[in-house]
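Contents: one structure, followed by commentary.
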Amino acid sequence: MEELFVNNVEWAEKVKKDNPDFFRGLSEEHAPEYLWIGCSDSRVPANEIIGLMPGELFVHRNVANLVVHSDLNCLSVIQLAVENLKVKHVIVCGHYGCGGVTASVSNQKLGGLIDNWLLSVKDVEYLHRASIDYSGQEKKTINQVCELNVIEQAVNVSMTSVVLDAWNRGQELVIHGWIYNMADGLLKNLGVNISNVEEMRSQYNSAIESSNRRYSGS
Ligand code: CO
C-alpha cells in the first residue's frame, strides 16, 4: 500500500508544477459542469478518458452503470449534481464487454447481492427481447445489451423527479448516453441527448432504432 502514497505525492507535485495554485483554487470552489454515471469497472476511469482534471467531473459509478429509481445513493448524487452544483450535462456512460451485462446475458450467477442488482439489466433484456440477437456470437449480444442498457438508464435519469423539476424551472440540463470501447479507448455517442421532457420519447426511439440497426443482419 505504501506505493500508493508515494504515487500520490508524485502526482500532487506534478500537478503543482504545472499550476502552483491548482489545489488552493480547487479547495475554494466546486463547480463541475458534468455528472458522470458510469460502471465501476476499473478499466473505465471517468476523468482520464475524457481528459478532465479534478473539479471538472462529478462522478457516480456502480456495477453496470444503472440508474434504479429506488437507489437512494444514485438519486442523491443526481439531486446534488443538478440542484446544488447545477451541472449542465449528465452523461450515462456504459462500456462494451461490461461484466455486469455479461453475467446477465449469460445467466451467470455471481452470487449474493450482485445477482439482485443485475436484475435491472435483465429487465432491459426482457424489454428488448424481440430485437436482441441471441443467435450469433455471445460477445456481440452482450455489446448490444450494453448499448440498450445505456439508453434505458439515460431515460431513467430523465424520468427522475429531480430532472423533471429542473426542466420545469427552465434549468438548462442535457442527459446523454455514451458507450466506451476499452479495446481502442474511444467513446461513442449513442444518439440519446435529451434536453427537455418533450424530446425524451423521440430521442429514446431513434437511439434504440440506431442501436438495433447496428446489430441486426450483420
Ligand atoms: Co461494466
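Looking at LEU57, LEU52, LEU72, LEU110, which is the one that is away from the ligand (no atom under 14 Å from the Cβ) and over 16 Å from the mean Cα position of the chain (by Cα)?
Going through LEU57, LEU52, LEU72, LEU110 in turn, just one is away from the ligand (no atom under 14 Å from the Cβ) and over 16 Å from the mean Cα position of the chain (by Cα): LEU72.
Determine whether HIS95 is closer than 16 Å to ILE151 by Cβ and touching a helix residue (DSSP H, G or I) at 6+ places or on another chain (Cβ under 6 Å).
No, not satisfied.
Just a yes or no: is a residue in region 89-110 charged (D, E, K, R) and at pLDDT 95 or above?
No.
Would you confirm, using the coordinates I've provided, whether VAL101 is touching a strand residue (DSSP E or B) at 6+ places or on another chain (Cβ under 9 Å) and either within 29 Å of ILE194 (Cα to Cα) or surrounded by 20 or more Cβ atoms within 10 Å (Cβ to Cβ) (or both)?
yes
Conditions first: (1) assigned to a loop (DSSP other than H, G, I, E, B); (2) modelled with pLDDT under 95; (3) exposed (fewer than 10 other Cβ atoms within 10 Å of the Cβ). SER42 passes all but one, so which condition is the exception?
The one condition SER42 does not meet is (2).
Restricting to region 52-70, count the residues that are buried (at least 16 other Cβ atoms within 10 Å of the Cβ), more than 17 Å from VAL150 (Cβ to Cβ) and not aliphatic (A, V, I, L, M).
Residues meeting the conditions: 2.
Considering region 75-103 alone, what residues qualify as being assigned to a loop (DSSP other than H, G, I, E, B) and either away from the ligand (no atom under 16 Å from the Cβ) or within 30 Å of ASN19 (Cβ to Cβ) (or both)?
LEU85, LYS86, VAL87, LYS88
The values are calculated or read from the model by the stated rules, or taken from the named source; none is laboratory data. Since the structure is predicted, the reported quantities are computational estimates derived from the model, not experimental observations. Glycine also receives a Cβ, built like all others from the backbone with ideal geometry; neighbour counts cover every protein chain displayed.
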